[in-house]
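The values are calculated or read from the model by the stated rules, or taken from the named source; none is laboratory data. Predicted model only: the values in this text are computed from it and were never measured. Positions of Cβ are backbone-derived with ideal geometry, glycine not excepted, and every protein chain shown enters the neighbour counts.
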Amino acid sequence: MMKVPEPKKLPSGTWFIHLRLGGENIPVSSTSKAECVNKARMIKAEYKAGAREAKSKEIRTVRQICEAYIDTRRKKLRSPATIRGYDKIVRTRFQAIMDKPAASIKNWEKVVEDELTAKIAPRKKPKPGEPEPEKKTVSRKTVKNAWGFLASALRAAKISVPEIEIDDSAHADRPWLDYEQILAFLDIIKGEPCELGALLALHALRRSELYALRWSDIDLRREVMHIRGAVVHDEHGSLVRKAENKTKDSRRDVPILIPRLTELLKSTEPTNGPLVEGSVNTLYNRIRRVCEKNGFPNPGVHGLRHSFASLAYHVGMGELETMELGGWSDPGTMRKIYRHLAAQDKNAAAQKMAAFYAAAKNANENANGSKKS
């Protein structure tokens, strides 16, 4: 009996074997373990008989190519959160073509356009007696990210696909707080279960970073936090800690800027565990409830990080210093967030310019009046 590698069961439920024959990577998948093994044996037999090349192209569906690509990324020790994101794309995006042979698809622009306009059912089903909620299209940013993955997988499989630009500039900005709202926000969260996590987020910590923060990372004498590592979901949905941050610039030391955070840390008994406990969604939901109760926009955890950048602009902090404290490595991303100017700052800047023109007009009128007299 022809020997083939032991099949693996992917998170999607599909069984997968990665064959390598004559330098060629050949993905084999099926809904059952036995069928996956039989397919792999047949392909190997065809290869040995010299009839492999023509048939291999026929069975390479888009899904098979994506799963093979994910398998190679997994072996290269990519972030578990990245692998989980890839799996989700295969399960939820481009479902109309996932099980078609990739070579049979000629118009990839239409594939992307169909995905942008496809209606998706809402996650929550209506209660008895409630009207059926309207189906909506998925966000352009979601499709853009999904196409980026799909195009990479296809190109890795030596399938030529076009460069397709998806403009996602019109997507709604995440809610954030201006500098006056931040001060009021500090008052309404005082003593709330979300307070510690929210204060860390206002120091520009990502959710993955603040959940990774341990007492050993806090230097209360110098009032500095050492941001090291991240806590993320792996491909199976379990939380795992990784030593690396999102980027090399994310590994940083952040001074404690809010006095209340120092007060909280000094009054809390250190433990061997993380500073912020609970599931990664707990903090978001607690912040949401406090904001709704007090009539505030809900910035969530990431919106508080953006609020830090907005406040940095307001107090006159330079872009370089803001990037270093927030762990942003891409100047373009930083500038996009940095433009979240508080409405008061916009009005003040506009008033300064209006005053400039008004002063010039008055000076001109005074000068003309002096000449006439």
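Applying the condition of being among the β-branched types (Val, Ile, Thr) and farther than 23 Å from residue 227 by Cα to region 275-319 and asking which residue is surrounded by the most Cβ atoms within 10 Å (Cβ to Cβ) yields 290. The helices (runs of 4 or more DSSP H) found entirely in region 122-231 that carry 2 or more residues being under 30 Å from residue 73 (Cβ atoms) are 140-156, 207-212. Within the span defined as region 300-307, every residue fails to be free of Cβ contacts under 8 Å to residues at least 40 places away in the same chain and closer than 23 Å to residue 178 by Cβ. Is it the case that region 130-148 has a residue that's among the aromatic types (Phe, Trp, Tyr), within 29 Å of residue 232 (Cβ to Cβ) and either at pLDDT 90 or above or not assigned by TED's automatic domain parsing to the domain that holds residue 160 (or both)? Yes; the residues of region 130-148 include at least one that is among the aromatic types (Phe, Trp, Tyr), within 29 Å of residue 232 (Cβ to Cβ) and either at pLDDT 90 or above or not assigned by TED's automatic domain parsing to the domain that holds residue 160 (or both).
Hand me the list of helices (runs of 4 or more DSSP H) wholly inside region 9-117 holding 2 or more residues that are crowded, with 17+ Cβ neighbours inside 10 Å and at pLDDT 85 or above.
Working: elements: 33-49, 52-58, 62-75, 80-92, 108-117.
Here the list reads 33-49, 62-75, 80-92, 108-117.
Assess whether residue 259 counts as being modelled with pLDDT under 90 and either over 27 Å from residue 180 (Cα atoms) or surrounded by fewer than 17 Cβ atoms within 10 Å (Cβ to Cβ) (or both). Criteria not met by residue 259.
For residue 112, the conditions (1) under 18 Å from residue 69 (Cα atoms); (2) touching a residue at least 40 places away in the same chain (Cβ under 8 Å) all hold with the exception of (1).
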